[in-house]
1. Let me spell out the model: positive unit charges on the Cβ of Lys and Arg, negative unit charges on the Cβ of Asp and Glu, origin at the Cα centre of the stretch 9-136. What dipole size does that give, in debye rounded to 20?
2. Please report, to two decimal places, log10 I(q)/I(0) for the stretch 1-66 at q = 0.18 Å⁻¹ as given by the Debye formula with identical point scatterers on the Cα atoms and no solvent.
3. R0 = 41 Å: FRET efficiency of K116 with A41, Cβ-based, nearest 0.05?
4. If you rank R95, R125 by fewest surrounding Cβ atoms within 10 Å, what's the result?
5. Select from N111, N123, N55 the residue whose mean-square fluctuation is largest in a Gaussian network model of the chain (Cα-Cα springs shorter than 10 Å).
6. Report the local net charge at M50: Lys and Arg +1, Asp and Glu -1, summed over other residues whose C-beta lies under 11 Å from its C-beta.
7. Taking only C-alpha pairs under 8 Å that are 6+ residues apart, what is the relative contact order of the chain in percent?
8. Along the positive direction of the dipole of the chain (beta-carbon charges: Lys, Arg +1; Asp, Glu -1; about the Cα centre), which of T85, L74, A113 reaches farthest?
Amino acid sequence: MQSTPLTVLSDTAAVEALCQSCGACCSTFRISFYWGETSAAPGGTVPMEMTEQLNLHRACMKGTSSHTPRCVALAGKLGEQVSCTLYQNRPSPCREYEVFLPDGSLNPRCNQARAKHGLGPLNVRFIEVRNIARKL
Ligand code: SF4
Ligand code: SF4
């Protein structure tokens with residue numbers, strides 16, 4: 001079987017484009033966070049109506065706690081063209097998720113999530129251009 005050729009990304013715009021053609025994580029994992037991030041709390045930014053209360057302290061994005069998760073804020077078709085309609089106000093797990101690990105390899109959870117939706121594995125690395133230049 002032929003493997004997918006390696007793609008090297010070197011800037012955040014390319015990473016955004018990659019995620020906008022995927023969306024698997026937003027349809028696989030339960031996205032939970034401290035309830036104080038919701039608009040029900042002073043300073044909270046995640047619209048409360050897009051969340052579900054999990055327990056006294058934690059909420060999750062609506063739709064991500066089901067057996068067939070899909071975040072209510074995800075628009076578009078998985079694996080083709082998607083976007084987060086809540087991008088500026090998305091909760092901390094979405095902001096903090098590392099698409100690439102410090103060594104430049106893809107977070108293995110990405111391909112685990114993609115596999116759940118029948119999407120092929122990504123063969124991609126992130127190498128900052130300035131790092132390449134420093135080694136020349
Ligand atoms: S699974 Fe990984 S590559 Fe796909 S949208 Fe999520 S972070 Fe991006
Ligand atoms: S809030 Fe946005 S980034 Fe976070 S899971 Fe939902 S669609 Fe994905």
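1. 260 debye
2. Here the Debye-derived log intensity ratios amount to -0.77.
3. In this case the efficiency is close to 0.80.
4. R95, R125
5. N55
6. 0
7. 31 percent
8. Final value for the positive-end residue is A113.
Values in this text are rule-based calculations from the coordinates and carry no lab data. Please read all numbers here as calculations on a predicted model, not as lab measurements. Note that each Cβ is placed from the backbone with ideal geometry, even for glycine, and that neighbours are counted across all protein chains shown.
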